[in-house]
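S.K.: Below is the structure I would like to discuss, written out as structure tokens.
The values are calculated or read from the model by the stated rules, or taken from the named source; none is laboratory data. This structure is a prediction, so every number in the text was calculated from the model and none was measured. Glycine also receives a Cβ, built like all others from the backbone with ideal geometry; neighbour counts cover every protein chain displayed. Please note that ligands, DNA and RNA were not included when accessible areas were found on the heavy atoms of the full protein model with its side chains. Shrake-Rupley method; radii C 1.70, N 1.55, O 1.52, S 1.80 Å.
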Amino acid sequence: MKDKLDSNELALWSQFLSELTGMSLNEDKEYLIRERFQGLLKKYQCANFSHLYFMARDPDRGDLREELIDQITTKETSFFRDTAPFEALHRVVFPELLKQCRASGQNRRLKIWSAACSTGQEAYSIAMILHEMGVSPDEYHITATDISRMAIEAAKIGSYNRFEVERGVPPASLERFFLPNSKNWRVKDFLKESLTFQQISLHRPFVLPDRFDLIVCRNVAIYFSPKPREELFGKIFRHLHPDGYLLIGSTETVSDLGNLFCEMRLESRAVFLQANGKRGGLVESKV
Ligand SMILES: C[S@@+](CC[C@H](N)C(=O)[O-])C[C@H]1O[C@@H](n2cnc3c(N)ncnc32)[C@H](O)[C@@H]1O
């Protein structure tokens, strides 16, 4: 394995990766750069990290930059991750949002955005819940996005190994929503019907056609530097329907970002936010 990056190399890489992704990678993350880029050093026959850096800075090396992003991002996820948010969606948030959509009288579809969906488990978990609630696929649409091309390709395919499905999918749901496929389990087509996957960086300007009733942005802002993180929540705010909800990770908060959102906890641990002044019909639970 290549030696530690020196302080100049680390400064260059931190700056570059922050420009690419919004992520904060300071001295204590040196090992991440070193470990995760080993394969690329070899693939591109680079003698050291500076060589790889200058190669990746070449405007014609878009593909290498995609590979750097694939390697440096942490894609840890699972079906129904943390349980409580999905219980809250099922019991409280979706009934409320569906009521609003149905009451609008214009066949308005429920619009959901899984904003850093990794390999798709979060988005498919949401779709499974809506199916279990008996909501027709015509009544909702889930847009699922991630910066990593590799993650989005895997999400579109929707094929998971035994370990991945056993981490969260109850046996009855496995039968209902997945087909065995060699050693893997593949999401059935009917569940994919109301989902679209798209490669989007939350750190760059992006265009999404809709305002969403529910935005799920969990376990990604924790990797961002303060300024990109603030900008990210500003963008999310602008994409959120005035009566919609934002779900963040169970250990996250946005209370340091002024009063854009008001925060509530459902099922004790799930952190939902609404644009300030809008609390819909939900009752804040006591923590
Ligand atoms: C730890 S995973 C979280 C996945 C899922 N939301 C969950 O909570 O299980 C973080 C994801 O954020 C993505 N990510 C990192 N930086 C991003 C950016 N600038 N724009 C969009 N996605 C990003 C990564 O590729 C990764 O898939």
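S.K.: Taking the stated definitions as given, is Leu110 open to solvent by less than 10 Å² (accessible area, probe 1.4 Å) and free of Cβ contacts under 8 Å to residues at least 40 places away in the same chain?
M.R.: Judged against the criteria, Leu110 is not a match.
S.K.: Counting only residues that are over 12 Å from Ala127 (Cβ atoms) and either outside the structural domain of Asp146 (by TED's automatic domain parsing) or hydroxyl-bearing (Ser, Thr, Tyr) (or both), how many does the stretch 169-204 have?
M.R.: Summing the residues that are over 12 Å from Ala127 (Cβ atoms) and either outside the structural domain of Asp146 (by TED's automatic domain parsing) or hydroxyl-bearing (Ser, Thr, Tyr) (or both) in the stretch 169-204 gives 2.
S.K.: Take the residues in the stretch 3-35 that are open to solvent by less than 70 Å² (accessible area, probe 1.4 Å) and basic (Lys, Arg), then tell me which one is farthest from the ligand (Cβ to nearest atom).
M.R.: Arg34
S.K.: Applying the selection to the stretch 208-242, what residues are of a type outside the set (Phe, Trp, Tyr) and near the ligand (Cβ under 10 Å from one of its atoms)?
M.R.: Across the stretch 208-242, the qualifying residues are Val216, Cys217, Arg218, Asn219, Val220, Ala221, Ile222, Pro228, Leu232.
S.K.: For Val271, state whether it is over 16 Å from the mean Cα position of the chain (by Cα), open to solvent by less than 20 Å² (accessible area, probe 1.4 Å) and at negative phi.
M.R.: Here the answer is no, as Val271 does not meet what is asked.
S.K.: Continuing with this model, one more query. Residues in the stretch 176-193: is at least one surrounded by 13 or more Cβ atoms within 10 Å (Cβ to Cβ), in contact with a Cys (Cβ under 8 Å, 6 or more places away or on another chain) and in a strand (DSSP E or B)?
M.R.: no
S.K.: Quick check, is Cys117 open to solvent by less than 20 Å² (accessible area, probe 1.4 Å), modelled with pLDDT of 95 or more and either more than 22 Å from Ser173 (Cβ to Cβ) or out of contact with any Leu (no Cβ under 6 Å at 6 or more places or on another chain) (or both)?
M.R.: yes
S.K.: Identify the residue in the stretch 255-278 that is free of Cβ contacts under 8 Å to residues at least 24 places away in the same chain and in contact with a strand residue (DSSP E or B) (Cβ under 9 Å, 6 or more places away or on another chain) and, among all such residues, is farthest from Val207 (Cα to Cα).
M.R.: Taking the candidates together, the pick is Arg265.
S.K.: Just wondering, is there one or more residues in the stretch 53-73 that are at pLDDT 95 or above, more than 25 Å from Ile222 (Cβ to Cβ) and in contact with a Lys or Arg (Cβ under 7 Å, 6 or more places away or on another chain)?
M.R.: Yes, the stretch 53-73 contains at least one residue that is at pLDDT 95 or above, more than 25 Å from Ile222 (Cβ to Cβ) and in contact with a Lys or Arg (Cβ under 7 Å, 6 or more places away or on another chain).
S.K.: Restricted to the stretch 194-207, and to residues that are among the hydroxyl-bearing types (Ser, Thr, Tyr) and away from the ligand (no atom under 12 Å from the Cβ), which residue is surrounded by the most Cβ atoms within 10 Å (Cβ to Cβ)?
M.R.: So, considering only residues that are among the hydroxyl-bearing types (Ser, Thr, Tyr) and away from the ligand (no atom under 12 Å from the Cβ), the one surrounded by the most Cβ atoms within 10 Å (Cβ to Cβ) is Ser194.
S.K.: How about the stretch 41-97: which of its residues are open to solvent by 40 Å² or more (accessible area, probe 1.4 Å), on the phi < 0 side of the Ramachandran plot, part of a loop (DSSP other than H, G, I, E, B) and more than 16 Å from the ligand (Cβ to nearest atom)?
M.R.: Result: Tyr44, Ala47, Asn48, Asp58, Pro59, Asp60, Arg61.
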